[in-house]
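Single-structure report; data block below.
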Amino acid sequence: MDSNWAGSLWDRVTGIQSAPATWLVIATAAVALAAVLPRPVWLVSRNAVTIAHEGGHGLIAVLTGRRLDGIRLHSDTSGLTVSRGKPSGLGMILTAAAGYTAPSLLGLGGAALLAAHRITLLLWVATALLLAMLLMIRNAYGVLTVFVSGGAFLLVSWLAPAEVQSAFAYGVVWFLLVGGVRPVFELQRKRRRGGAPDSDADQLGRLTHVHPVMWLFLFHAVALCSLIGGGRWLLSL
């Protein structure tokens, strides 16, 4: 019985689902734009981008051998990831570069899974990443936001019908692709006005002796290329 249940679960997670109708893909893209473009809505929805941003810092820190001390998420949509290790070198550079690129790259990876019709797998992978991140959150607001996000993914993947799973998955991926673009422009504006002296781009400038503007260019390139490539996959172009 247990082996049959485990096999059934594995087939469910790794199985191929039907592609949604084109109108649904376009509708979820419109919803994602509506969650990113209007500033009042963005002030709330940006929390999800912050989760991906700080999760990117944390994941790369662990993968490069640094010790992850914790992640904090704040109600003003800012965040902080603290890791220990060499204060310079490739590991530190990759960790610093992971934040602004993480939402777009996660969206691109999600688009690849959806293009392969692995909708349930995407939902379960996202749930696993959020649960892993939850273990490293060090403040109450961060615990609440990650717990709610992970719970939403789990409920949709486990209880929702296939049509709802498709709409949810495509909406999330579109949001990551579109939402990964705006923070880079916001950072560019802040730096132009003399703000954010300790931004990721400025830290990378000090670590690599490459001007922060070049790192901003890299962030823009990753975000825009991911949006174009991921969008083509989602639209089956």
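The values are calculated or read from the model by the stated rules, or taken from the named source; none is laboratory data. Worth saying up front: this structure is predicted, and the values here are computed from it rather than measured. Positions of Cβ are generated from backbone atoms using ideal geometry, with glycine treated the same way; all protein chains shown enter the neighbour counts. SASA here: full protein model, heavy atoms, side chains in, ligands and nucleic acids out. Shrake-Rupley method; radii C 1.70, N 1.55, O 1.52, S 1.80 Å.
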Taking the criterion of being surrounded by 13 or more Cβ atoms within 10 Å (Cβ to Cβ), within 18 Å of the chain's Cα centre (by Cα), within 17 Å of SER104 (Cβ to Cβ) and not aliphatic (A, V, I, L, M), would at least one residue in the stretch 201-217 satisfy it? no
Under 15 Å from GLN203 (Cβ atoms), in a helix (DSSP H, G or I) and either among the hydrophobic types (A, V, I, L, M, F, W, C) or modelled with pLDDT of 95 or more (or both) - does that describe any residue in the stretch 105-112? no
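Just name the residue that is least open to solvent (accessible area, probe 1.4 Å) out of those in the stretch 34-60 that are within 16 Å of the chain's Cα centre (by Cα) and over 21 Å from PHE153 (Cβ atoms).
Going through the stretch 34-60, the residues within 16 Å of the chain's Cα centre (by Cα) turn out to be 35-36, 42, 44-60.
In the following step, the residues that additionally are over 21 Å from PHE153 (Cβ atoms) were identified as 42, 60.
Values: TRP42: 2, ILE60: 45 Å².
Ranking the candidates gives TRP42 first.
Kindly provide the set of residues from the stretch 54-68 that are in contact with a strand residue (DSSP E or B) (Cβ under 8 Å, 6 or more places away or on another chain) and under 20 Å from PHE147 (Cβ atoms), ordered by number. Quick ask: steps written out before the conclusion?
Here is the first cut: in the stretch 54-68, the residues in contact with a strand residue (DSSP E or B) (Cβ under 8 Å, 6 or more places away or on another chain) are 54-55, 57-58, 61-62, 66-68.
The answer is GLU54, GLY55, HIS57, GLY58, LEU68.
This table checks each residue for (1) surrounded by 14 or more Cβ atoms within 10 Å (Cβ to Cβ); (2) among the charged types (D, E, K, R); (3) touching a residue at least 40 places away in the same chain (Cβ under 8 Å); (4) in contact with a Cys (Cβ under 9 Å, 6 or more places away or on another chain).
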residue	(1), (2), (3), (4)
TRP124	yes, no, yes, no
LEU130	yes, no, yes, no
VAL148	no, no, no, no
VAL156	yes, no, no, no
PRO161	no, no, no, no
ALA167	yes, no, yes, no
GLY171	yes, no, yes, no
VAL178	yes, no, yes, no
VAL184	yes, no, yes, no
Can you tell me how many residues in the stretch 113-146 are touching a helix residue (DSSP H, G or I) at 6+ places or on another chain (Cβ under 6 Å), assigned to a helix (DSSP H, G or I) and under 24 Å from VAL62 (Cβ atoms)? 13
Hey, can you tell me all the residues within the stretch 69-79 that are open to solvent by less than 40 Å² (accessible area, probe 1.4 Å) and closer than 17 Å to GLY150 by Cα? ILE71, LEU73
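How many residues, within the stretch 190-215, are more than 19 Å from GLY79 (Cα to Cα) and either part of a helix (DSSP H, G or I) or among the aromatic types (Phe, Trp, Tyr) (or both)? I'd like the intermediate steps shown before the answer.
Going residue by residue through the stretch 190-215, those that are more than 19 Å from GLY79 (Cα to Cα) are 192-194, 205-215.
Next, only the ones that are either part of a helix (DSSP H, G or I) or among the aromatic types (Phe, Trp, Tyr) (or both) stay: 192, 205-208, 212-215.
Summing the residues that are more than 19 Å from GLY79 (Cα to Cα) and either part of a helix (DSSP H, G or I) or among the aromatic types (Phe, Trp, Tyr) (or both) in the stretch 190-215 gives 9.
Go through the stretch 46-73 residue by residue and tally those that are under 22 Å from LEU177 (Cα atoms) and outside any strand (DSSP E or B). Break it down stepwise before answering.
Step one: list which residues in the stretch 46-73 are under 22 Å from LEU177 (Cα atoms), which gives 46-60, 73.
Right, trim to outside any strand (DSSP E or B) and you get 46-60.
Number of matching residues: 15.
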If the Cβ limit is 7 Å and pairs must be 6+ apart or interchain, which residue in the stretch 211-237 that is at negative phi pairs with which residue that is of a type in the set (Asp, Glu) and in a helix (DSSP H, G or I)? PRO212/ASP202
Unique residue being at pLDDT 95 or above, assigned to a helix (DSSP H, G or I) and charged (D, E, K, R) when the list is GLU186, GLU163: GLU186
Can you tell me which residue within the stretch 11-29, out of those that are surrounded by 11 or more Cβ atoms within 10 Å (Cβ to Cβ), of a type in the set (A, V, I, L, M, F, W, C) and closer than 19 Å to LEU237 by Cα, is modelled with the lowest pLDDT? ALA19
